[in-house]
């Protein structure tokens, strides 16, 4: 069995599983945020009317709550949703509630790794499609809707069809100025935005061994954009060390069998990859950044679970150091822990000196919610994950998805820029 | 079930156009319904009738896990979406929450169905009858678990 099959077999109490089997898997960790949490409460209301008991959760110690989409509260409805979340954690005795304005908080997927909330081999589900991100730690991590998350909260398990697995093998180390974001955009461009639908996308090879944990998180994060059920990378010493540095204890690796089967194996040579951009209006609409060097921009957005981890900010800061931005540039670290490190290491000063605005952790403009949304006809380069019509604001705005290096280089020139071409 | 078709000749109708991100803070089903399909067809809430079906191309509902998407469509009166394929979370949400039927058809059937056609969907027979055109099509049968959850009326009523 490969790692996904092995995790689902363990979690469903079976000795073996195969693709297309239906299993009820016991869930190790579950997450809700300020959008899915109130959605789950709405499901609870409906269940109560049907006479289903919602007074107790299956296991509150497995649950954690993030405040990320509409924080700091965008207006009064968002403010009320935060109050609902507070009441929710109080009522059900959920201890891990990362509240904004009270120390560590941030984007849910970022907290999953920054706070070492998920371990290799875990079944982790969340009320958000980018829950796939955390599969980079060697867990089965999958996004679900409100009804399914409500079911998990009350019953501790959920059904899955065991997915087929596509294995993406990266040979060699990524060249300078080419980031994990460029690799995953190339994959999505090749297989299409439903090319991984219902399946697992697993990554391996020497290029993945070489990669930092944070780069791996970028890969798993955007498996959602190919429709995958989960993205996964087998854990190694780096994973364990990363989690231990963030306060984890008793982390052990969990692996698939050496002779595991994969439905498809696709190989990539790292040396052939280039800075890449996904044009409007789909993450699979890719081209190399150099081809778009005449595209004029209104804004550069460096934020989100995809593109505002510490490593992403560091990559952007190296480019912005000693330079000035030509277009509106917004930098929003994805969690307070990252923000603090960026202050301590001087990155925030570099951003401010370059003329960028630095904002608080939030999903914000990535999902068109608030704090930097786009006006009609505005064109943005963004380190985020989606560029559907209206994704970041007005339905007639445009978003080009790119790596933090491309976003930073483009901020300097005002046009889409390959970081290798920056003077 | 019998209903009329609202057809979008488009692939990849994503959750951001079905219900834009700015409305994710809203959990009142009736209010969400007033914004259904706003990113693609702002006239949709005023033209949709109770019992209607949406017909579209591949990868319907791609993008976010927001259950707001099937909720908004179902509260508007949509009973089924007929598409050549679905994104997984939209599909699961539609079935587990018992909001609407996600029905997969082949490309030929998708081409044959026109806007405003009157259809009768029979999930026991895996059949779609086009009353307007007097044609009959086959739908892809639901997998065993999906059929059982639909028959039960959602995941919470399903006994494994």
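Of the residues that sit in segment A:119-138 and are in contact with a strand residue (DSSP E or B) (Cβ under 6 Å, 6 or more places away or on another chain) and farther than 19 Å from residue A:2 by Cβ, which one is farthest from the other protein chains (Cβ to nearest Cβ)? Ranking the candidates gives A:125 first. Within segment A:263-304, the set of residues being within 21 Å of residue A:398 (Cβ to Cβ), over 24 Å from the mean Cα position of the chain (by Cα) and without any contact (Cβ under 8 Å) to a residue 40 or more places away in the chain comprises A:291 only. The residues of segment A:287-304 that are surrounded by fewer than 19 Cβ atoms within 10 Å (Cβ to Cβ) and in contact with a helix residue (DSSP H, G or I) (Cβ under 8 Å, 6 or more places away or on another chain), listed by number, are A:290, A:293. Against the numbered list (1) in contact with a strand residue (DSSP E or B) (Cβ under 7 Å, 6 or more places away or on another chain); (2) away from chain A (no Cβ under 14 Å), residue B:65 comes up short only at (2). Screening A:145, A:196, A:156 for residues that are under 27 Å from residue A:56 (Cα atoms) and surrounded by 24 or more Cβ atoms within 10 Å (Cβ to Cβ) leaves exactly one candidate, A:145. Scanning segment B:84-121 for residues that are under 24 Å from residue B:151 (Cα atoms), surrounded by fewer than 19 Cβ atoms within 10 Å (Cβ to Cβ) and free of Cβ contacts under 8 Å to residues at least 40 places away in the same chain turns up just one, B:106. A single entry from B:52, B:28, B:11 fulfils the requirement of being without any contact (Cβ under 8 Å) to a residue 12 or more places away in the chain and more than 8 Å from chain A (Cβ to nearest Cβ): B:28. Within segment A:363-399, the set of residues being touching a residue at least 40 places away in the same chain (Cβ under 8 Å), at positive phi and surrounded by 24 or more Cβ atoms within 10 Å (Cβ to Cβ) comprises A:364 only. Hey, any hits in segment B:73-85 for a residue that's facing chain A (nearest Cβ under 8 Å) and either closer than 20 Å to residue A:132 by Cβ or in contact with a helix residue (DSSP H, G or I) (Cβ under 8 Å, 6 or more places away or on another chain) (or both)? Yes, segment B:73-85 contains a residue that is facing chain A (nearest Cβ under 8 Å) and either closer than 20 Å to residue A:132 by Cβ or in contact with a helix residue (DSSP H, G or I) (Cβ under 8 Å, 6 or more places away or on another chain) (or both). May I ask you to list the residues in segment B:132-156 that are outside any strand (DSSP E or B), closer than 21 Å to residue B:57 by Cα and in contact with a strand residue (DSSP E or B) (Cβ under 6 Å, 6 or more places away or on another chain)? B:132, B:139, B:140, listed by residue number.
With respect to (1) surrounded by fewer than 23 Cβ atoms within 10 Å (Cβ to Cβ); (2) in contact with a helix residue (DSSP H, G or I) (Cβ under 9 Å, 6 or more places away or on another chain); (3) part of a loop (DSSP other than H, G, I, E, B), the lone exception for residue B:30 is condition (3).
Scanning segment A:337-358 for residues that are buried (at least 18 other Cβ atoms within 10 Å of the Cβ) and either at positive phi or in contact with a strand residue (DSSP E or B) (Cβ under 6 Å, 6 or more places away or on another chain) (or both) gives A:348, A:351, A:356, A:358. Being without any contact (Cβ under 8 Å) to a residue 40 or more places away in the chain, more than 15 Å from the chain's Cα centre (by Cα) and farther than 27 Å from residue B:44 by Cβ holds for only one residue in B:129, B:159, B:133, and it is B:159. Taking residue A:280 as the residue in question, decide whether it is over 14 Å from residue A:400 (Cα atoms), in contact with a strand residue (DSSP E or B) (Cβ under 9 Å, 6 or more places away or on another chain), part of a loop (DSSP other than H, G, I, E, B) and at pLDDT 95 or above. The answer is no for residue A:280. For segment A:255-278, what are the residues that are buried (at least 19 other Cβ atoms within 10 Å of the Cβ) and out of contact with any helix residue (DSSP H, G or I) (no Cβ under 6 Å at 6 or more places or on another chain)? Across segment A:255-278, the qualifying residue is only A:268. Looking only at segment A:165-197, how many residues end up being more than 13 Å from chain B (Cβ to nearest Cβ) and either under 22 Å from residue B:89 (Cα atoms) or within 22 Å of the chain's Cα centre (by Cα) (or both)? Residues that pass the stated criteria total 20.
Of all residues in segment B:97-118, those satisfying the criterion of being within 14 Å of the chain's Cα centre (by Cα) and either over 20 Å from residue B:59 (Cα atoms) or within 14 Å of chain A (Cβ to nearest Cβ) (or both) are B:97, B:98, B:99, B:100, B:102, B:104.
The values are calculated or read from the model by the stated rules, or taken from the named source; none is laboratory data. All values derive from a computational prediction rather than experimental measurement. Every residue, glycine as well, gets a Cβ built from its backbone with ideal geometry; the counts of neighbours run over all protein chains shown.
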